[in-house]
Amino acid sequence: PGELRAEGEVKALFLDEPTPADPSRSPARDAPSPNRGRVTITSERFHYQESQRRGVFTGEVRARNQFGVLTAPRLEVFLRGEGRGSERVERAQASGGVRIEQPRGWAAGEEAEYRAAEQTVVLWGGSPTLSDRDRSQTSGARLTLFLADGTILVESADGIPTVTRRPWTQ
């Protein structure tokens, strides 16, 4: 009761739009996208527990939304209920080696957490790195990507320096 399991070619679609009371995103700040508000996920296995509003995808996980494509061995998706029979992504946590591809670059780390209300992705573990198409790279102990405006917060830790590399152009 209250559980769903799937195995094989699992495909799922979730909504990921701010509620009208969510001030962290506005149409004026985000470029239009045909996939706005949609998160599609594919994997080999899926287990959903209704009591926790939690779904776990495992095995070659690919999650796609308007910001890019995330790949990882494991992805947990936590849903928020809105009381109208509608549930939306509240947050998601990927682990086991995470890579996020975008048209203009990529980001990677051992783990990542996405928070829908804040429109952030935090990468940590291993050597989190962000690279753009100009071959510029930034790494540190923890990277926070602010999706709405494209800014990055880079944090260091004891023994883990913050490093930025940019091509030298004349």
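The values are calculated or read from the model by the stated rules, or taken from the named source; none is laboratory data. From a predicted model like this one, the values you see are computed outputs, not experimental measurements. Neighbour counts are summed over all protein chains in view; Cβ atoms, including those assigned to glycine, are modelled from backbone coordinates with ideal geometry. Heavy atoms of the whole protein, side chains included, go into the accessibility calculation; ligands, DNA and RNA do not. Shrake-Rupley method; radii C 1.70, N 1.55, O 1.52, S 1.80 Å.
Looking only at residues in segment 29-68 that are of a type in the set (S, T, N, Q) and surrounded by 16 or more Cβ atoms within 10 Å (Cβ to Cβ), which one is modelled with the lowest pLDDT?
Restricting attention to segment 29-68, the residues satisfying the condition of being of a type in the set (S, T, N, Q) are 33, 35, 40, 42-43, 49, 51-52, 58, 65-66.
Okay, now just the ones that are also surrounded by 16 or more Cβ atoms within 10 Å (Cβ to Cβ), so 42-43, 58, 65-66.
On the way: 42: 96, 43: 97, 58: 97, 65: 86, 66: 82.
Per the criteria, the residue is 66.
Does residue 112 count as open to solvent by 40 Å² or more (accessible area, probe 1.4 Å), small (Gly, Ala, Ser) and within 26 Å of residue 37 (Cα to Cα)? Before the answer, list the steps.
Values: open to solvent by 40 Å² or more (accessible area, probe 1.4 Å): no; small (Gly, Ala, Ser): yes; within 26 Å of residue 37 (Cα to Cα): yes.
So residue 112 does not fit the description; no.
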Completion exercise
Scanning segment 134-166 for residues that are part of a loop (DSSP other than H, G, I, E, B) and aliphatic (A, V, I, L, M) gives 141, 147, 148
Practice task
Output the number of the condition that residue 117 fails; it satisfies all remaining conditions of (1) exposed (fewer than 14 other Cβ atoms within 10 Å of the Cβ); (2) out of contact with any strand residue (DSSP E or B) (no Cβ under 7 Å at 6 or more places or on another chain); (3) touching a residue at least 24 places away in the same chain (Cβ under 8 Å); (4) not charged (D, E, K, R).
Solution key: (1)
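Here are some residues: 127, 131. Which one is outside any strand (DSSP E or B) and either out of contact with any Cys (no Cβ under 9 Å at 6 or more places or on another chain) or at pLDDT 90 or above (or both)? Talk me through it step by step, then tell me what you get.
Numbers: 131 fails: outside any strand (DSSP E or B).
Only one candidate qualifies: 127.
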Completion exercise
Output for Cβ contacts, cut-off 8 Å, separation at least six or different chains, first residue in contact (Cβ under 8 Å) with a residue 40 or more places away in the chain and over 18 Å from residue 111 (Cα atoms) in segment 46-62, second among the acidic types (Asp, Glu) and in a strand (DSSP E or B), reads 46/7; 47/3; 48/3; 49/3; 50/3
